[in-house]
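The values are calculated or read from the model by the stated rules, or taken from the named source; none is laboratory data. Just so it is clear, the structure is predicted and the values come from calculations on it, not from any experiment. So basically every Cβ, Gly included, is an ideal-geometry build from the backbone, and we count neighbours across all protein chains shown.
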Amino acid sequence: MALHLIVDGYNLLAQTGRIGAGTSLHSEMAREALLRDLAAYRQRKSHVITVVFDGWQQGWGTEQREHRLGLQIIFSRRGEKADQVIQRLTAEFGSACAVVSSDREIIDFARAQGAFVMKAQEFVGKLHEGLNPTGVSAYKELDTGEDLRPKRGSEKRGNPRKLPKALRQRSRQLKRF
């Protein structure tokens, strides 16, 4: 089932690591590279994707919407932040959408609306997953040697090797991406 994915554009762009020494976060070249990556992701996963960029400081008087590369791109109007547009879209779609942002205010609002939330860092790994022809993910986790599962006291019962229910549910939801 295709899911509507709402992406905080500049937030995700800051996490991709594509900003070089001479490239600004708000540059056209950086935005276009991100949009190409998202279009490739959309081809693989068939999700409807809306990318929201800030236009509140030097933007237009009205909200600008365009469709390119199979993506819906929204620039917020002057005086309105992308956060407000994302919150409005999340309220409209509710639990039928997923939100990609690391902004705490957006995360809390989206969860209250029943939307699935993924932080930008987490989505960057999903975005580039499958692009490497060797089959090895470009982003490797470092093994610290520690067990990531929570420690259980002697008073707990049940399978100590099984992750808590909330973590298992989140893991299942992440597999959709």
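Examine segment 81-101 for a residue that is modelled with pLDDT under 80, of a type outside the set (A, V, I, L, M, F, W, C) and under 25 Å from Leu13 (Cβ atoms), and state whether such a residue exists. Within segment 81-101, none of the residues are modelled with pLDDT under 80, of a type outside the set (A, V, I, L, M, F, W, C) and under 25 Å from Leu13 (Cβ atoms). Cβ-Cβ distances below 8 Å connect the following pairs, each with a first residue in segment 162-177 that is over 13 Å from Phe116 (Cα atoms), a second residue that is part of a helix (DSSP H, G or I) and not aliphatic (A, V, I, L, M), and a separation of six or more residues or different chains: Lys162/Arg168; Leu163/Ser171. Can Lys126 be described as modelled with pLDDT under 90 and under 17 Å from Val48 (Cα atoms)? When the stated conditions are applied, Lys126 passes them. The helices (runs of 4 or more DSSP H) found entirely in segment 25-126 that carry 3 or more residues being of a type in the set (A, V, I, L, M) and touching a residue at least 60 places away in the same chain (Cβ under 8 Å) are 82-93.
Counting residues in segment 129-140 that are modelled with pLDDT of 70 or more and either among the basic types (Lys, Arg) or part of a loop (DSSP other than H, G, I, E, B) (or both) gives one or more. Scanning segment 5-33 for residues that are closer than 23 Å to Thr90 by Cα and either aromatic (Phe, Trp, Tyr) or at pLDDT 85 or above (or both) yields Leu5, Ile6, Val7, Asp8, Gly9, Tyr10, Asn11, Leu12, Leu13, Ala14, Arg31. Here Arg65 meets the list (1) farther than 19 Å from Ile107 by Cα; (2) modelled with pLDDT of 85 or more; (3) touching an Asp or Glu at 6+ places or on another chain (Cβ under 7 Å) almost entirely, failing just condition (3).
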